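The values are calculated or read from the model by the stated rules, or taken from the named source; none is laboratory data. Keep in mind that this is a model prediction, so the values were computed, not measured. We place every Cβ from the backbone using ideal geometry, glycine too, and count neighbours over all the protein chains shown. The protein model used for the area step is the full one, side chains on, heavy atoms only, and it has no ligands, DNA or RNA in it. Shrake-Rupley method; radii C 1.70, N 1.55, O 1.52, S 1.80 Å.
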Amino acid sequence: MKKYQVVVAGKMRPCALAKISSECHVRQWDKIEPIPRNLLYEWLADAEGLVSTGDVRVDDELLAHAPRLRVIAQASVGYDNVDIAACTRRGIPFGNTPGVLVEATADLTFGLLLCAARRIHEGWNQVASGRWLNNHDVPFGIDLYGKTLGIVGMGRIGAAVARRAKACGMKVIYHNRSRRTDDEHLGATYVAFDDLLAQADCIVVLVPLSPASQGMFGRAEFAKMKRTAYFINAARGGLVDTQALYDALKEGQIAYAALDVTDPEPLPGDHPLLTLPNVLITPHIGSATHETRDRMAMLTADNLLAGLARRPLPACVNQEANYR
Ligand SMILES: NC(=O)C1=CN([C@@H]2O[C@H](COP(=O)(O)OP(=O)(O)OC[C@H]3O[C@@H](n4cnc5c(N)ncnc54)[C@H](O)[C@@H]3O)[C@@H](O)[C@H]2O)C=CC1
Ligand SMILES: O=CC(=O)O
């Protein structure tokens with residue numbers, strides 16, 4: 001049987017790579033640094049399928065180098081690195097991995113909030129450096145019980161964070177592009193964006209990055225928050241004006257930030273944000289559990305193989321281009 005020609009532009013979980021390899025001839029870039037653009041273009045010349053990664057910009061120029069391409073699949077729910085309209089114009093379906101990473105990402109997001117609120121990482125750093133302080137000098141945090149959590153972007157992951165917050169005795173308010181019909185069931189109250197900024201003790205951001213949402217948290221937004229506010233971003237760094245966030249934290253405009261995503265990402269080692277005491281940053285690990293990453297990889301393989309066989313992708317962003 002003739003095998004499909006496929007480019008895998010980054011590392012991939014072994015279970016999914018094995019599945020793809022049984023039907024495809026795979027050229028894979030498995031180094032840590034992103035694949036050089038020229039090499040990617042060379043490989044794409046005869047590729048029928050592409051497994052892209054978040055650091056590959058999929059745009060008109062890339063697609064012009066891939067005349068035989070009939071499907072692109074990526075192991076993430078976010079696709080801000082992809083020009084979806086350009087894919088659609090060429091009739092190429094783009095598959096992502098919604099749903100399968102919801103609980104893991106909600107755990108990490110709520111974990112960041114809990115860790116920041118109770119300064120768990122600061123306590124560990126002290127113990128690890130041999131300083132076991134007396135009971136009055138240990139890092140003091142805030143109660144989450146009874147506080148108001150404001151969720152911006154009440155989609156799949158936002159709703160899963162809301163469930164966790166309710167279980168911890170928090171009041172939940174949210175802002176979303178449109179009000180959810182099931183918000184009573186979630187126990188969350190819809191409010192205008194500015195009201196959320198003013199009322200929330202803790203703010204969690206779970207909005208997809210798009211031209212409309214780019215930089216939606218800037219100087220004006222931090223100025224509207226409580227000076228005691230905790231700001232958690234687990235979506236994309238580009239939603240936040242990093243300099244404005246740094247200034248807000250440095251000047252005590254807000255209390256604390258916990259980030260799984262940054263702009264730039266990764267942050268250079270000498271970035272000023274890393275010098276602040278009231279910041280906690282993790283290296284984009286929202287979905288990074290063994291089980292979740294396996295599910296994402298297998299859904300990516302399923303999307304890819306479906307597209308190669310011109311069958312409907314199980315999770316397709318541009319349905320207009322999906323196979324029927
Ligand atoms: N840190 C990590 O490792 C991970 C990060 N993510 C990020 O989380 C995002 C959300 O994922 P899901 O919950 O699955 O997506 P989703 O599509 O289910 O939810 C996003 C929600 O945001 C709302 N929204 C969109 N633009 C908005 C705006 N300008 N203002 C207010 N609300 C807006 C939408 O109406 C939707 O309800 C992804 O796009 C991705 O960027 C997702 C998984 C892992
Ligand atoms: O950032 C991760 C994603 O799945 O999106």
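Quick notes on this one:
- In whole angstrom, the stretch 102-281 maps to an equivalent ellipsoid with semi-axes of 26, 20, 15, each derived as √(5λ) from the alpha carbon gyration tensor and ordered largest first.
- Average projected area [Cα convex hull, the chain], square nanometres: 18.3 nm²
- Surrounding net charge for residue 249, when Lys and Arg each add one and Asp and Glu each subtract one, Cβ distance under 14 Å: 0
- Spatially close Lys pairs in the chain, defined by Cα atoms under 21 Å apart and a spacing of eight or more places or different chains, total 14.
- Among 153, 130, 91: highest mean-square fluctuation, GNM of the chain, C-alpha pairs under 10 Å: 130
- What the Cβ-Cβ distance of residue 18 and residue 81 gives, at R0 = 22 Å and to the nearest 0.05, is a FRET efficiency of 0.25.
- Relative contact order of the chain, pairs being alpha-carbon contacts under 8 Å that are 6 or more residues apart, as %: 19 percent
- Taking all protein chains together and rolling a 1.4 Å probe, residue 296 ends up with roughly 10 Å² accessible.
- Cα-Cα pairs of the stretch 189-324 separated by more than 21 Å (percent): 52 percent
- Spin-label pair residue 285-residue 182: with each label point 7 Å from Cα along the Cα-Cβ axis, the two points sit 3.0 nm from one another.
- Neighbours of residue 263 by Cβ distance under 10 Å: Lys/Arg scored +1, Asp/Glu scored -1, total -1.
- The stretch 42-172, relative contact order in percent, only Cα pairs under 8 angstrom and at least six apart counted: 19 percent
- Choice from 41, 190, 246 with maximal GNM fluctuation in the chain (Cα, 10 Å cutoff): 41
- The 1.4 Å probe gives accessible areas that order 270, 60, largest first, as 270, 60.
- Choice from 183, 80, 302 with maximal GNM fluctuation in the chain (Cα, 10 Å cutoff): 183
- Between residue 42 and residue 89, the FRET efficiency from the beta-carbon distance, with R0 = 25 Å, is close to 0.60.
- Between the beta carbons of residue 142 and residue 294, assuming R0 = 45 Å, the FRET efficiency works out to 0.80 to the nearest 0.05.
- Heavy-atom accessible area, probed at 1.4 angstrom with all protein chains present, ranks 178, 52 as 178, 52, highest first.
- Summing charges over all other residues whose Cβ lies under 11 Å from the Cβ of residue 302, with Lys and Arg as +1 and Asp and Glu as -1, gives +3.
- Value of relative contact order over the stretch 102-281, rounded to a whole percent, pairs C-alpha under 8 Å and six or more apart: 19 percent
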